[in-house]
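No value in this document is a laboratory result; all are computed from the given coordinates. Note that the coordinates shown come from a computational prediction; the quantities given were computed from them, not determined experimentally. Cβ sites come from the backbone with ideal geometry, for glycine too, and all protein chains shown count toward neighbours.
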Amino acid sequence: MSESDILRQLSAAVEELDLSGVVPRVQAALDGGLAPAKVLTQGLSAGMREVGKKFNSGEMFMPEVLVACDVYFAGLAVVRPLLRADKDDHVLGTVIMGNIHGDVHTVGKQVAMPVFEASGLRVIDLGEDLTDEAFVEGIRKHHPQIVGLGTYMTSTFMHTKATVEAITKAGLRERVKIICGGPAVDAEAARRMGADDASDDAWKGVEKIRRLLGVE
Amino acid sequence: MSQIVDEWVGRLKGKLPPIGEMTHWERLAGAMDLKQTDYVPVAPELDYWQITYAGYSHREIYHDVDKTTDACIKTWADLRLDAIWMYVDISHQIENFIPAERRAEHFIHRGEKDYLMFKPIARTLDEAIEMYETRAFEKHLDGSRPVTHYTPHMLQLLEFQERMDRQVPIIVGIATPTNYAETIVEVQNFQRWMVTEPEKTQHYLNLCLQERLEALEFYRQFAAGNGGTFCCLFGGARTWGPKHLARFAGVDRVFAEKATQIFPYVFWHHCGRNLPRALELIRDLPGVKGIQYDMPYYGQDLSWPQWFEQVARLLGGKQCAMNSPTTQLACHGRPAEVRRMVREFIDATIPHTTACVMPGCEVDSFSPLENVKAMIEAGRACRLT
C-alpha cells in the first residue's frame, strides 16, 4: 500500500468513526516506517479537518463529531509519545484552556481540543470550574501564546472580565492572547471584557487563533 | 391558601391599569391560537433574573419557597409581562433521582447571581439504565426538592393566577424525555452513545419516556387540576442530526401527545443551535401551539432577520413563533440594540404567523434591567389592532 493510501486510511478512520480500528491502523502506519508527524498531520488531523467541513456543511452533526474526536484522540495517544522526539511536529503555538469559574460543561472543550491539536496547536487542558488563579498559574507554568476560556452559559461568560483582570494584575496579559469559546460567547462582548476574541465554533476558533498568532 | 399570595392579591387585584384591550392571558392565548391580538405578547423566561431583580440572592431562595414566589409576582407586578414563568432550577427537576446524602455533591452554588451548578448522576449508560429500572426517582422522592420546593411554588403561582381571575397566565415548565436522558448522563456522553450503542440508548430513552409519562399524571392532577393551562415543554435533542432525530426523537412525540391532552396551551422550548429539521418535527406535533426557538444551526450563515423569516415561514399557519432578543444580547447588548432586534423579529414574523417576544432561553441574571425594559417596550410599541 502506498504512503498516500495509508494516510487516506487514517483520515478515513476519523471520518468514518472507526473507534476500534484507528489504533491498529496508526500502529501499522508507524510500523511501516511513516514519520509520526506525518501520521498525525496528514492522517488523523486531515480526518478532523474533513469532519469540520462536513459539520459546517450539515453532513455531520454533533453526535458524530464527538465520536470523531474520540477516534482522533485514540490515534493521537499512540503517536504523541513519539512526537516528542520528532523534530517535525510543526507546532504553531501552545494553548492552555479550561472552563471558567462556575462552569463544568465540557462538551465544547471536548470538540475544541482535538480540533486545535489537529490544527497544529499544542493544547493543555487545565480542567473545569477553574479559579482565576488557576489560569494565572497555568500561564506561568506552561508559557502559552493563547489562553482559551471555555464557557457554556451566558452567566459564566460574564466571569471573563474577572479572569482577564487577574491575568493582567499578575503582569501576564501582554504575554498571551485570550480567546473565549462556547455556545454563549459573543466576540464584541468578549473584547469589552478584555479578551481578544471569541468563537462558538471550534474550526472558526482555529482561524481566529491563527490570526491572533499572526500566522494567517 | 398561601400568605404570600394573599398579600399580593390584596395589593394588586382590581388596582392594575389595563394594557391595551386584552388581558395578559388573552394576549398570549390569542397569539398561540394564531389570532390577532392588540399587541405582540411579551413573555420572557426570566428564571434567575427575576430572583435578582426582586432583591434576593439565589442562595437565599434555594430553601425558601415564599421568597421564590414573591420574586416572580413582584417582577410581574412591576413589569406587567404577559405571563409569569415558574421559577425552575435543575434541582427541582431531578433531585429525586439522588439519595439524600449525596445531593450536596451534585448541586453547587457558585455565586449569588450564578446558575446552580449540576454534576451528572450517572457516568455510564448501564448506570443510567439501572437507575431507571430500579425506579430510583421514586425511592428518593421523599424530602426532595421536586416535593419540597417545585410543587409548593407551582401551587402558589397557580393560586395567584386563579385568584387574579386569570389576568395573567402561569407557565408551567416540564422537561421532555430526551432532555432528561441527556441531562442525567451529560449531553456529550448521551450523544456519543447514540452513535456507539444505539440499541441500548433506545432502551434508556424508553425508560426515560416511561418516567416522564408517569410524571405527566402528577401534572394532570396538581397543575392542570389547579388551573394550569399554559405549559412549556423543555425539549432535548438540540444538536442532533436528522438521522438521530428520525431514530430517537419519537419518545418526545409520545410525550407531547399526552402533554397536549392535559394542557390547552403547550409550546416547545428548543434552545441552542436549531436545525430546521428539528423545528419541522416540532411544528408537526399536534396540539403544540408555539416554538420558543434559538439560533440557527452551525454552518447556516444567516442574519437574524433572515433566520426569523425562515422560521416564521416554517411555522406559518401552524404555530406561534417565540423569540428575541437573544439571551446574549439581553445580557451584553445595549437597550437600543435590544429594541432593534425585537422589532426585526416582529417585522420578519408577523407576515407569516403570530409572534411572541420571548428570548430563546432564560434571561441571564446579569442582564441589565434597562435591557429587559427595552425588550418589553419594543413589544408594547408594536400595536397590531
Convex hull of segment A:76-216 built on C-alpha atoms - directionally averaged projected area, nm²: 7.9 nm²
Per DSSP, loop trypsin sites (Lys or Arg not before Pro) in segment B:31-111 with at most 14 further Cβ within 10 Å: B:Lys35
Backbone HN-Hα couplings from phi across segment A:202-212 [Karplus 6.51/-1.76/1.60, Hz, Gly and Pro as x]: 4, 5, 5, x, 4, 4, 5, 5, 4, 5, 5
Binned Cα-Cα distances of chain B, short to long, each 10 Å bin given as a whole percent: 5, 24, 35, 27, 9, 1
Cleavage-rule hits (trypsin sites (Lys or Arg not before Pro)) in segment A:6-94: DSSP loop, at most 15 neighbouring Cβ within 10 angstrom: A:Arg84, A:Lys87
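Any idea what % of Cα-Cα pairs in segment B:248-385 are farther than 25 Å?
Working: 2501 of 9453 pairs.
Counting every Cα pair in segment B:248-385, those more than 25 Å apart make up 26 percent.
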Two-site label geometry, B:Ser57 and B:Glu214: point separation in nm, points 7 Å out along Cα→Cβ: 3.8 nm
Cα-projected label distance for A:Ser57 with B:Thr148, points at 7 Å along beta-carbon direction, nm: 5.5 nm
Those aspartates and glutamates that a straight Cα-Cα span of less than 13 Å connects to B:Lys243, excepting residues fewer than 8 apart in one chain: A:Glu59, A:Glu64
Helix A:62-83 vs. chain A, principal-axis angle (Cα, 0 to 90°, nearest 10): 80 degrees
Helix axis angle, A:160-169 relative to chain A longest principal axis, alpha carbon, degrees: 80 degrees
For the protein assembly as shown, fraction of C-alpha pairs farther apart than 40 Å, in %: 28 percent
Approximate spin-label separation B:Arg123-A:Arg8, in nm, with each point projected 7 Å along Cα-to-Cβ: 4.2 nm
Förster radius 41 Å - calculated FRET efficiency between A:Leu213 and B:Lys373, Cβ distance, rounded to 0.05: 0.45
Along principal axes, Cα extents of segment B:50-106, largest first, whole Å: 40, 20, 15
Centroid-to-centroid separation of segment B:267-299 and segment A:22-46 [C-alpha atoms, Å]: 42 Å
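With an 8 Å cut-off on Cα pairs and a minimum separation of 6 or more residues, tell me the relative contact order of segment A:91-212 in percent.
Rounded, it is 27 percent for segment A:91-212.
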Computed over segment A:3-88, Kirkwood Rh from alpha-carbon pairs, angstrom: 12.6 Å
Restricting segment B:35-64 to chymotrypsin sites (Phe, Trp or Tyr not before Pro) in coil, as DSSP defines it, with at most 13 other Cβ within 10 Å: none
